Amino acid sequence: IVHSNSPRAAFLGGAAARISGVSSVIHVRDIHQNPFTHAWKGRLLEKWADAVIAASEARMDAVVAGRPEIKQRARVVYNGVDLEIHCSPTGKNIRQEMNIPENVPVIGCIGLIHPAKGQDILIRAAALVRREFPKLKVLIAGGVFTKEDRGFLEELEHLVERLKLKGHVIFTGFREDIIDVISAMDVVVHPARYPDPFPRVLLEAGALSKPVAAADVGGVPELIDSGISGVLFAPEDRIAMAGAVDSLLKNKERSRHMGEELRNRIVSRFTVEQHTDSIQRIYRSLKRSI
């Protein structure tokens, strides 16, 4: 079996599988870039795929919309989180490292510095949240991956100054201790403006029983049941985002309950063991069909 970890990789992996006479699996993890909607690229991928794995129902819908014929070979396999690893912060005191007192509310987001991730919307929302929580701190964890995105980081820094949030917004850069960073947050925010297929950071936050406020995009509502295991808000709506964060910071008992509900949901459906079992079942079905 040749398992290509993206449709792009499948142009090589799928061709190699066909030449070698073995099965080809295409793993689709993105919604935004969808070669299945392209005329000749979609036909090639359909021809070379014995099975297609989509990271969420939202991602599956995007694939099938482009190539309806592939539906019978497609399966949804959600990303999984390792609960043993992601429930075990190292004990590093991130608040102490960043000079944040324990009684100061901390919110934040995790991801590449990129317009699609919506860090600018979070900064604008933070300016509104500060009206209720003047000491608020915002951790923006992640860095620039390409030279083109450096300009966006500069825009974010200028936005912080313009909204008088200097000292309140902390750009952490890339971190290897992201579980400890999440542990330092009172609310984890996912401000994405694009259809995120199934963000792993929300799995990690849930594994730590953290309350989550997230944009209602892509596969996010397949994980977050708004009002029960988190709060969803309309994408690019800084007022709705601020309201979601504000409600979670004000009601600690409700926030704690939502964090616990999210963890329970992950334990029941989104563990790494369930992920690998699903992949193995697909492999076994392909081996029987050879």
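The values are calculated or read from the model by the stated rules, or taken from the named source; none is laboratory data. Bear in mind the structure is a predicted one, so any value in this text is a computation, not a measurement. So basically every Cβ, Gly included, is an ideal-geometry build from the backbone, and we count neighbours across all protein chains shown. For the accessible areas, the whole protein counts, side chains as well, though only heavy atoms, and no ligand, DNA or RNA atoms are used. Shrake-Rupley method; radii C 1.70, N 1.55, O 1.52, S 1.80 Å.
List of remarks:
- Scanning region 104-157 for residues that are charged (D, E, K, R), under 17 Å from His190 (Cα atoms) and outside any helix (DSSP H, G or I) yields one hit, Lys137.
- Among the residues of region 95-102, at least one is assigned to a helix (DSSP H, G or I), open to solvent by 70 Å² or more (accessible area, probe 1.4 Å), closer than 30 Å to Ile140 by Cβ and at pLDDT 90 or above.
- All of (1) in contact with a strand residue (DSSP E or B) (Cβ under 9 Å, 6 or more places away or on another chain); (2) within 20 Å of Phe270 (Cα to Cα); (3) among the small types (Gly, Ala, Ser) hold for Ser88 with one exception: (1).
- Qualifying residue in region 21-30 (condition: in contact with a Lys or Arg (Cβ under 8 Å, 6 or more places away or on another chain), modelled with pLDDT under 95, basic (Lys, Arg) and crowded, with 18+ Cβ neighbours inside 10 Å): no
- Pairs, first small (Gly, Ala, Ser) in region 173-189, second assigned to a loop (DSSP other than H, G, I, E, B), C-beta under 7 Å, six or more apart: Gly173/Gly143; Ser183/Pro89; Ser183/Leu208
- Candidates in region 54-68 are the residues that are charged (D, E, K, R) and within 15 Å of Glu222 (Cα to Cα); of these, the one that is surrounded by the most Cβ atoms within 10 Å (Cβ to Cβ) is Arg59.
- Of all residues in region 21-31, those satisfying the criterion of being in contact (Cβ under 8 Å) with a residue 24 or more places away in the chain and out of contact with any Phe, Trp or Tyr (no Cβ under 6 Å at 6 or more places or on another chain) are Val22, Ser23, Val25, Ile26, His27, Val28, Arg29, Asp30, Ile31.
- When residues of region 69-94 are limited to those that are among the acidic types (Asp, Glu) and modelled with pLDDT of 90 or more, the one surrounded by the most Cβ atoms within 10 Å (Cβ to Cβ): Asp82
- For region 32-53, the candidate set comprises residues that are in contact with a strand residue (DSSP E or B) (Cβ under 7 Å, 6 or more places away or on another chain) and touching a residue at least 60 places away in the same chain (Cβ under 8 Å); within that set, the residue that is most open to solvent (accessible area, probe 1.4 Å) is Asp50.
- Of all the numbered requirements in (1) closer than 24 Å to Asp216 by Cβ; (2) under 18 Å from the mean Cα position of the chain (by Cα); (3) free of Cβ contacts under 8 Å to residues at least 60 places away in the same chain, Lys117 misses one, and that requirement is (3).
- The residue that is least open to solvent (accessible area, probe 1.4 Å), counting only those in region 1-20 that are β-branched (Val, Ile, Thr) and without any contact (Cβ under 8 Å) to a residue 60 or more places away in the chain, is Val2.
- Restricting region 217-263 to residues that are of a type in the set (S, T, N, Q) and in contact (Cβ under 8 Å) with a residue 24 or more places away in the chain, the residue that is nearest to Ile123 (Cα to Cα): Ser255
- The combined condition, being polar (S, T, N, Q), in contact with a Phe, Trp or Tyr (Cβ under 9 Å, 6 or more places away or on another chain) and closer than 30 Å to Met185 by Cβ, is fulfilled by Ser56.
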